[in-house]
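The block underneath contains the structure these notes are about, expressed in structure tokens.
The values are calculated or read from the model by the stated rules, or taken from the named source; none is laboratory data. Note that the structure is predicted; figures quoted are calculated from it, not measured. Ideal geometry is used to build each Cβ from the backbone, glycine not excepted, and the neighbour counts take in all protein chains shown. Areas reflect the complete protein model, heavy atoms only, side chains present, ligands, DNA and RNA absent. Shrake-Rupley method; radii C 1.70, N 1.55, O 1.52, S 1.80 Å.
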Amino acid sequence: MTTATPPQAHPARPAPAAKRVLLASPRGWCAGVDRAVAAVEKALELYGAPVYVRHEIVHNKYVVQTLERKGAIFVEQTEEVPEGSIVVLSAHGVAPTVHAEAAERKLATIDATCPLVTKVHKEAIRYANQDYDILLIGHEGHEEVIGTCGEAPDRITLVDGPVDAANVEVRDESKVVWLSQTTLSVDETMETVDALKTRFPNLLSPPSDDICYATQNRQIAVKKLAEDAQLVIVVGSRNSSNSQRMVEAALGAGADTAYLVDCADEIDEAWLQDVTTVGLTSGASAPEVLVDGVLEWLVKRGYSDVETVKTADESVTFSLPKELRRNLRTQPGNDPTAGQP
Ligand code: SF4
């Protein structure tokens, strides 16, 4: 999906002298994506192809195709994985039923769920055990939301925006907590929370932000670009929630147009008409090589002045999933079932 609004003049924006690109920092791969992709690569290295991956390991077409070429087989359902095989679970997390299905099929499971998604799962379990009604703000049908809801299906109700907030029902208004998907728009989520608070004044907030550091940082950075760029290009796939939210954030912050593209091939030259400043960034699942491609494309069209706009430093890293760490320690045996939890 491409999102755009019709071009309009920005009243406060002085015209810059030359064509230029503002490059967001931070942008691109986050710690959770880095870990998930490394998990598939390491599994292929340790056990050889094929390694099955349940759902796209991260929501990026290029990443998925690259791993397929190396021997990964992507499936949507656990039952598609042959019994006894190795399966990597994607960064978005899964419901406990998926772990049970995998155990039933005697699969050697490597869980690449991002630790920041696992944190939300743990919060859901804790509040469910305390008999709270949990209002999970998120997008219906998103893999992460399906996984989190699966932790406590009788206690969690999905709230997909302020309209849902107006209609949601709870058992006891004094015992309600909200949690959220990790990759939402910060501003929209707070609108939904405000709507919920109007209905449930005792609504409890999560102990710390559920929207992850990478999502927040990329939204702040793209908003900064949008103050000066007429056109913002976000590199990312259409099914990437955080990338979609970055396009919306750019438009909301004043960019005349904003587009989501998988790679340079998807850019339309017509977008550049009357544009002197292009903002360029990428979603948390988009590899830097694709940003390089877009940059090269822009430089060829005269946008050779490239300026980095830095809004935060990131130093978060996550270690590989425990099943891989364990097997790396027990090399050279490399018995895949040794990694099964
Ligand atoms: Fe984890 Fe956030 Fe990256 Fe998702 S976007 S993988 S929650 S760090």
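Quick notes on this one:
- Odd one out for Leu204 among (1) within 14 Å of the ligand (Cβ to nearest atom); (2) open to solvent by 30 Å² or more (accessible area, probe 1.4 Å); (3) in contact (Cβ under 8 Å) with a residue 60 or more places away in the chain; (4) among the hydrophobic types (A, V, I, L, M, F, W, C): (1)
- Hey, Val163 more than 30 Å from Cys30 (Cα to Cα) and part of a helix (DSSP H, G or I) or not: yes
- Near pairs, Cβ below 7 angstrom, 6+ apart or cross-chain, from the stretch 207-219 (closer than 16 Å to Leu135 by Cα and in contact (Cβ under 8 Å) with a residue 60 or more places away in the chain) to any residue that is open to solvent by less than 20 Å² (accessible area, probe 1.4 Å) and near the ligand (Cβ under 9 Å from one of its atoms): Asp210/Val120; Asp210/Thr182
- Within the stretch 144-169, being more than 18 Å from Lys122 (Cβ to Cβ), open to solvent by 10 Å² or more (accessible area, probe 1.4 Å) and either out of contact with any Lys or Arg (no Cβ under 9 Å at 6 or more places or on another chain) or within 16 Å of the ligand (Cβ to nearest atom) (or both) holds for Thr157, Leu158, Asp160, Gly161, Pro162, Val163, Asp164, Asn167, Glu169.
- Restricted to the stretch 175-194, and to residues there that are within 16 Å of the ligand (Cβ to nearest atom) and assigned to a helix (DSSP H, G or I), the residue that is farthest from His139 (Cα to Cα) is Val186.
- Of all residues in the stretch 140-147, none satisfies being farther than 27 Å from Val247 by Cβ and not hydroxyl-bearing (Ser, Thr, Tyr).
- Selection from the stretch 170-183 of residues that are open to solvent by 20 Å² or more (accessible area, probe 1.4 Å) and not small (Gly, Ala, Ser): Val170, Arg171, Asp172, Glu173, Lys175, Trp178, Thr183
- Residue count for the stretch 15-56, restricted to those that are part of a loop (DSSP other than H, G, I, E, B) and within 16 Å of the ligand (Cβ to nearest atom): 7.
- Consider the stretch 57-82 and keep the residues that are open to solvent by 10 Å² or more (accessible area, probe 1.4 Å) and assigned to a loop (DSSP other than H, G, I, E, B). The one that is farthest from Gly283 (Cα to Cα) is Pro82.
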